[in-house]
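Following: one structure in structure tokens, then a few remarks.
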Amino acid sequence: MILFSKKTKTMAKAYSLTPNELAFADLIAAGWDTADAFFLTMQKGETWTTAAVNKATREILARVDVKRRIKELRKGDLNEMAKNAVKGREEQVSTDDDVMKQLSKENMLRDLFLARKKMVVGSKDWLDTNKMIADITRMKQEEVKTEDNTVHFYLPLTCNKCSLYLTHKSQKEVNNNI
């Protein structure tokens, strides 16, 4: 048994088809073999003779609603729900990118500088804008400082060449000689 989403059931109802028949029509429009599409969507007929499977697929393909769905898909006329779903995904991706660009510190500073140019020098808004610019600039500088705290350690290839080992060895010899 295949479970279908509410969206698929609603779309099938719009075509006066069952969800299984809608899926069958979609697979046929996508280029599937009629027998394979029938087996997959109807979940029966695997043990039927070829003639019986062909008869069942011809009965489904003879329906006007199935023909209309296949014709629309092959012609490229997606229904409005599918167009809107694709458009919604594209808009969401672009809005996410736009939000990240708008929230960048450089962009905020640029907007604040432009707003400050339009304000009267010395006004309360002008002073508040200058405070915001100073805060964002300070945050930006702190960000740069924290990135440069990387400490690099260089290890010798052998212990005999290590300066710590050599100083310890020379001190040990000096102590032994005393």
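Tabulated data for the structure shown
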{"read-out": "Qualifying lysines (Cα of each under 27 Å from Cα of LYS140; at least 8 residues distant if same chain)", "value": "LYS101, LYS105, LYS117, LYS118, LYS124, LYS131"}
{"read-out": "Within straight-line cross-link reach of LYS55, lysines at Cα separation under 25 Å, skipping those fewer than 8 residues along the same chain", "value": "LYS13, LYS44, LYS67, LYS71"}
{"read-out": "Ordering of 109-121, 55-67 by burial proxy (mean other Cβ atoms within 10 Å per residue, highest first)", "value": "55-67, 109-121"}
{"read-out": "Residue exposure sequence - LEU166, LEU22 - by fewest surrounding Cβ within 10 Å", "value": "LEU166, LEU22"}
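Every number here is computed from the coordinates shown, using simple stated rules; none is lab data. From a predicted model like this one, the values you see are computed outputs, not experimental measurements. Don't worry about glycine lacking a Cβ; one is built from the backbone with ideal geometry, like all the others, and counts go over all protein chains shown.
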